[in-house]
Amino acid sequence: MNLNGKRALVTGGAVRIGRAITEALLAEGAEVIVHFRSSAKEAKALSPKTIQADLSDPAQCETLLERVFQQFGPIDILVNNAAVFHQTKLADATYDAVMRELQPNLLAPLALIRGFARQTKTGRIINLLDRRITSHDTTCIPYMLSKKGLEELTKLAALDLAPGITVNAVAPGAILPPPKDSDNPSWDYAGTIPLGQRPTPADVASAVLYLLKSDHITGQTIFVDGGQNLLGKDER
Ligand SMILES: NC(=O)c1ccc[n+]([C@@H]2O[C@H](COP(=O)([O-])OP(=O)(O)OC[C@H]3O[C@@H](n4cnc5c(N)ncnc54)[C@H](OP(=O)(O)O)[C@@H]3O)[C@@H](O)[C@H]2O)c1
């Protein structure tokens, strides 16, 4: 797919990795509708086309694509980037704690994919995963369930929506500290990276562009993590 002139929706597209994806798409000549929850100022600085929704609310997830269609017309590209991350061990993984993660990270992408498929029979979908989907991180169990679920949804939707719509994923490694730790200069959660350097948001965006441009790849995940997903538990 030539991205020039295509219309894209990037969830959580105003800041951090989402912002890098928005900027990369704009640089390709795409028209980007920047979805945001609270980063209104940052979204409007990037694009004149923005839309607000709280993806922790199932009703707002069900109507977001219809609102996008009414305001901007049909979209060609959906990037499910918005997500939350909390440290939650098994003992604390109550229904509410699990749904706090599953709703925005898995059920929102599912609702948006369904909305996308109702609008168009051709297009591209990208889901943002996490390099930890190859491991079993017990410090953030609801988050792990949400990202592993989204990996499976990527494959299921790829088969269900073929041949017109491709569905792929990008799994970042440790790119940026969680927002609450952003000002912590000693943040060093990256661990061992075989290629030696922490990838940047722009590296993640490059993988997104690669998958969007391909007419022959679906149901696949590109890890942008310097090889970290290949390491065993004690090597990370
Ligand atoms: N950062 C990393 O190193 C890393 C590592 C592995 C995977 N990832 C994945 O890569 C993607 C981007 O990572 P990131 O660190 O840039 O994400 P982030 O800053 O934690 O979150 C991205 C955006 O998601 C939006 N969001 C969160 N909850 C929402 C809700 N209830 N409704 C609507 N929007 C909501 C927020 O938008 P507003 O600002 O507008 O509120 C936020 O800016 C995520 O899927 C993440 O899981 C990131």
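The values are calculated or read from the model by the stated rules, or taken from the named source; none is laboratory data. It should be emphasised that the depicted structure is a prediction, and the values quoted were computed from it without experimental measurement. Every residue, glycine as well, gets a Cβ built from its backbone with ideal geometry; the counts of neighbours run over all protein chains shown. Just the protein is used for accessible areas: all its heavy atoms, side chains included, with ligands, DNA and RNA removed. Shrake-Rupley method; radii C 1.70, N 1.55, O 1.52, S 1.80 Å.
Top to bottom by accessible area (1.4 Å), largest first, where do His136, His216, His86, His35 land?
Details: His136 145, His216 170, His86 60, His35 5 Å².
Result of the area sort, largest leading: His216, His136, His86, His35.
Checking every one of the trypsin sites (Lys or Arg not before Pro) in region 63-117 against DSSP loop status and a limit of 16 other Cβ atoms within 10 Å picks out Lys89.
Rounded to the nearest 500, the helix-only mean residue ellipticity at 222 nm of the chain stands at -11500 deg cm²/dmol, with each DSSP H run of n ≥ 4 adding -39,500 (n - 2.57). Extension gain for Lys213-Asn4 works out to 74.2 nm (0.36 nm per residue, less the C-alpha to C-alpha distance).
As a calculated quantity, the FRET efficiency between Leu159 and Phe72 at R0 = 25 Å, using C-beta atoms, amounts to about 0.30. Put one equal scatterer on each alpha carbon of region 101-213, apply the Debye formula with no solvent term, and list log10 I(q)/I(0) at q = 0.15, 0.19 1/Å to two decimals. Log10 I(q)/I(0), no solvent term: -0.75, -1.10.
Amide hydrogen proximity for Arg7: with H placed 1.01 Å from N in the peptide plane, the residues at 5 or more positions away or on another chain lying under 5 Å are Glu31, Asp76, Ile77.
Projecting the Cα atoms of Ala8, Val79, Val98 onto the dipole axis of the chain, where Lys and Arg carry +1 and Asp and Glu carry -1 at the beta carbon, places Ala8 farthest toward the positive end.
In this calculation the C-beta distance from Ala97 to Thr120 is compared with R0 = 41 Å, giving a FRET efficiency of 0.70. Solvent-accessible surface (1.4 Å probe) assigned to Asp203 amounts to roughly 70 Å². Evaluating 6.51 cos²θ - 1.76 cosθ + 1.60 at θ = phi - 60° for every residue in region 13-27, the Karplus couplings come out as x, 8, 9, 6, 5, x, 5, 4, 5, 4, 5, 5, 5, 4, 5 Hz, glycine and proline recorded as x. Measuring from centroid to centroid over Cα atoms, what is the spacing of region 83-133 and region 191-212 in Å? Each part reduced to its Cα centre gives a spacing of 21 Å. Each label point was placed 7 Å from the Cα along the Cα-to-Cβ direction; for Leu26 and Leu195 their separation is 2.6 nm. Multiplying the residue separation of Lys41 and His86 by 0.36 nm and removing their Cα-Cα distance gives an extension gain of 13.7 nm. Computed over the Cα atoms of the chain, the ratio of the radius of gyration to the Kirkwood radius (Rg/Rh) comes to 0.94. Restriction of the chymotrypsin sites (Phe, Trp or Tyr not before Pro) in region 79-153 to DSSP coil positions whose beta-carbon has at most 16 other beta-carbons within 10 angstrom yields Phe85. The long axis of helix 58-72 is offset from the longest Cα principal axis of the chain by roughly 40 degrees.
Each residue of region 46-52 is assigned a 3J(HN,Hα), and the resulting list reads 8, 8, x, 10, 9, 8, 9 Hz, derived from the Karplus form 6.51 cos²θ - 1.76 cosθ + 1.60 (θ = phi - 60°), x at Gly and Pro.
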